[in-house]
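Asks: Right, I'll just put the structure down here and ask away after.
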Amino acid sequence: MTATTGEAVTPAGGPDTVPPELFRDVMTRFARSVTVVTAFDGEHPVGCTATAVLSLTDRPPTLLASLDSGSGTLRHIRAAGRFGVSVLPYRLHALAARFAELPAARRFDGIDHVSPHGAPLLGGAVAGVVCRVTRYVPLADHTLVIGHVVHAETDEDAEPLIHFARRQTRPEV
């Protein structure tokens, strides 16, 4: 099936689809920043590690984050209508595992953060943005969260944490 403008295409699998294992292997070669996507659960910060985060447009500034549809963080983003994204620096690489593995209620314990414009951002991040949600797009077992950027900041001296070939590293420059 071929997509035309505005038409959604549902992947059907079948003989013209690569096996999921091969797709995952190939995707490990797409180097990308490691981020923590955040929101508030009403009063407390919540968040999860994510690598599927990207800019969509700069006019208006728009960002997309892909989250597991069963994610607790996604549930809180839906309630808050806002989310934050912090790009992790290499020096804080342990936070990637913390926000992926610890129980949600303990992920922010002792973690420095600020809350501009209604969403938490991690202290010491390479970059951070806060978005107002404009759209949710369900896709297979994930939901694409699209947001209008209402706040942006950067630390130009911080070295980013990169996910490449199933490991976390720093850029070689």
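The values are calculated or read from the model by the stated rules, or taken from the named source; none is laboratory data. If you're wondering where the values come from, they're calculated on a predicted model, not measured in any experiment. Every residue, glycine as well, gets a Cβ built from its backbone with ideal geometry; the counts of neighbours run over all protein chains shown. To get the accessible areas, we keep the full protein, side chains included, count just its heavy atoms, and leave off ligands, DNA and RNA. Shrake-Rupley method; radii C 1.70, N 1.55, O 1.52, S 1.80 Å.
Asks: Considering only the range 18-85, give the strands (runs of 3 or more DSSP E) lying wholly within it that have at least 3 residues that are farther than 18 Å from VAL137 by Cβ.
Replies: 35-40, 45-50
Asks: Are any residues in the range 131-147 open to solvent by less than 60 Å² (accessible area, probe 1.4 Å) and either within 15 Å of GLY84 (Cβ to Cβ) or aromatic (Phe, Trp, Tyr) (or both), and if so, which ones?
Replies: If the condition is that a residue be open to solvent by less than 60 Å² (accessible area, probe 1.4 Å) and either within 15 Å of GLY84 (Cβ to Cβ) or aromatic (Phe, Trp, Tyr) (or both), then CYS131, VAL133, VAL145, ILE146, GLY147 are the ones that fit.
Asks: Follow-up question, since we're still on this one. Out of the strands (runs of 3 or more DSSP E) lying entirely within the range 115-173, which hold 3 or more residues that are under 17 Å from the mean Cα position of the chain (by Cα) and not aromatic (Phe, Trp, Tyr)?
Replies: Strands (runs of 3 or more DSSP E) meeting the threshold: 127-139, 142-154.
Asks: I want to confirm something. Restricting to the range 44-93 and keeping residues that are touching a Pro at 6+ places or on another chain (Cβ under 9 Å) and within 18 Å of THR154 (Cα to Cα), which single residue is most open to solvent (accessible area, probe 1.4 Å)?
Replies: Selected residue: SER55.
Asks: For residues that are among the basic types (Lys, Arg) and touching a residue at least 40 places away in the same chain (Cβ under 8 Å), scanning just the range 52-83, find the one that is nearest to ARG132 (Cα to Cα).
Replies: For the range 52-83, the residue satisfying everything is ARG82.
Asks: Just to be sure I understand, how many residues within the range 104-128 are within 15 Å of CYS48 (Cα to Cα) and open to solvent by less than 70 Å² (accessible area, probe 1.4 Å)?
Replies: Within the range 104-128, residues that are within 15 Å of CYS48 (Cα to Cα) and open to solvent by less than 70 Å² (accessible area, probe 1.4 Å) number 11.
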